[in-house]
Amino acid sequence: MSGDIQTIEYQGLPALRLSTAAGASAVLSLYGGQLLSWVPARGRERLYLSERARFGDGPIRGGVPVCFPQFSTQGTLARHGFARTRMWTVTEQRTGDDFALATVRLVDDPQTRALWPHPFILELTVAMDGGRLDLELEVINSGHAPFAFTGALHTYLRVAELEECQLQGLHGFDYLDALDAGAQARRDSGDVLLFDGPLDRHYRDVERPLLLRDNGAALGIHAEGFPDVVVWNPWEDGNARIDDMAPRDFRRMLCVEAAATHRRIALEPGESWHGRQTLVCL
Ligand code: TA6
């Protein structure tokens, strides 16, 4: 038996449902090129998707939003750029005995050029087998002038209980605290990162895989190409200010994002860049 990819409608949006013979599944929305669900074989849902999420009306709260060509408010565009609110198209679907893979693409058009004057091709490839998910983002400069961008795979992990979670691997790396604007970079000195308050940290040049322990389950988080890691949880007060998240949902989610934030990535005409985030059930 082989994997399967179906074209479906998910909350009114066109989407792909990927499944593998071993029983893993994922849902990829063409709105935003956003992964909305990932259930590994014999496992539980690993992505947080808000029950109050809006679908097709602004950003979708949860899954893996693609932030491009701007991370957060690091520029003049709307926060996290426009890729997460555009319609993408499917360019490739493949399945094998133990995997399913789909690629979706976003290309510049008059609306994106009115916001950001650069021709580009953005491709997101989602590949999974029984217990592993790879998300690869490729950016191509298809124009005649150089451009530079920041961005991220803004992965919302679903956790059983945030206060029981431990994130390992960030020890010794420098970070900027986005909750303390203007502060100098600090160095993480804890063995593990624990969660007992709001957090919005931009770690730089993280060269090590991370491990998230969550109520007995362990998830490996690895990035290639993306130099930075953003860890975000709004905690109770921040949660209350987010109208598309149910109260106290902050305890069920943790964003661990593969990001390019502290240095813009520059591409000459014809050049491309790619970055990947891999999640592995351990
Ligand atoms: O990646 C962390 C962050 O930039 C936070 O500062 C935060 O507010 C968040 O992303 C969510 O942004 P959004 O525009 O989706 O509400």
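The values are calculated or read from the model by the stated rules, or taken from the named source; none is laboratory data. Just so it is clear, the structure is predicted and the values come from calculations on it, not from any experiment. Here the Cβ is made from the backbone with ideal geometry for all residues, glycine too, and neighbour counts use every protein chain on show. Surface accessibility is based on the protein's heavy atoms, side chains included, excluding ligands, DNA and RNA. Shrake-Rupley method; radii C 1.70, N 1.55, O 1.52, S 1.80 Å.
Annotations
- Selection of strands (runs of 3 or more DSSP E) fully inside region 1-108 by the criterion of at least 3 residues being surrounded by fewer than 23 Cβ atoms within 10 Å (Cβ to Cβ) returns 4-10, 13-19, 89-95, 100-107.
- Here is the figure for region 210-231: residues that are open to solvent by 20 Å² or more (accessible area, probe 1.4 Å), under 22 Å from Leu36 (Cα atoms) and within 16 Å of the ligand (Cβ to nearest atom) total 1.
- Among all residues of region 180-198, there is none that is closer than 25 Å to Arg61 by Cβ and β-branched (Val, Ile, Thr).
- Restricting attention to region 246-264, the residues that are in contact with a strand residue (DSSP E or B) (Cβ under 8 Å, 6 or more places away or on another chain) and either hydrophobic (A, V, I, L, M, F, W, C) or over 22 Å from Glu45 (Cα atoms) (or both) add up to 11.
- Filtering region 244-265 to residues that are touching a residue at least 40 places away in the same chain (Cβ under 8 Å), part of a loop (DSSP other than H, G, I, E, B) and more than 13 Å from the ligand (Cβ to nearest atom) leaves only Ala246.
- Glu136 passes every criterion in (1) within 16 Å of the ligand (Cβ to nearest atom); (2) part of a strand (DSSP E or B); (3) open to solvent by 10 Å² or more (accessible area, probe 1.4 Å) apart from (1).
- For region 59-72, the criterion of being over 15 Å from the mean Cα position of the chain (by Cα) and over 29 Å from Ala218 (Cα atoms) is satisfied by no residue at all.
- Residues in region 188-197 include at least one that is closer than 30 Å to Thr76 by Cα and modelled with pLDDT of 95 or more.
- Residues that are assigned to a strand (DSSP E or B), at negative phi and buried (at least 19 other Cβ atoms within 10 Å of the Cβ) do occur in region 232-243.
- Selected residue (criterion: farthest from the ligand (Cβ to nearest atom)) from residues of region 61-73 that are touching a residue at least 12 places away in the same chain (Cβ under 8 Å) and farther than 12 Å from Thr155 by Cα: Pro69
- Criterion applied to Arg79, Arg52 was being within 16 Å of the ligand (Cβ to nearest atom) and in contact (Cβ under 8 Å) with a residue 40 or more places away in the chain, and the one residue passing it is Arg52.
- Thr112 vs. criteria open to solvent by less than 10 Å² (accessible area, probe 1.4 Å), in contact (Cβ under 8 Å) with a residue 12 or more places away in the chain and under 18 Å from His274 (Cα atoms): no
- Filtered by the rule that a residue be within 12 Å of the ligand (Cβ to nearest atom) and part of a strand (DSSP E or B), region 141-176 gives Thr150, Gly151, Ala152, Leu153, Tyr156, Leu176.
- Any hit, region 86-109, residues being within 16 Å of the ligand (Cβ to nearest atom) and more than 17 Å from Gln277 (Cβ to Cβ): yes
- Scan of region 177-209 for residues that are more than 12 Å from the ligand (Cβ to nearest atom), assigned to a loop (DSSP other than H, G, I, E, B) and surrounded by 15 or more Cβ atoms within 10 Å (Cβ to Cβ), ordered by number: Asp188, Phe195, Arg204, Val206
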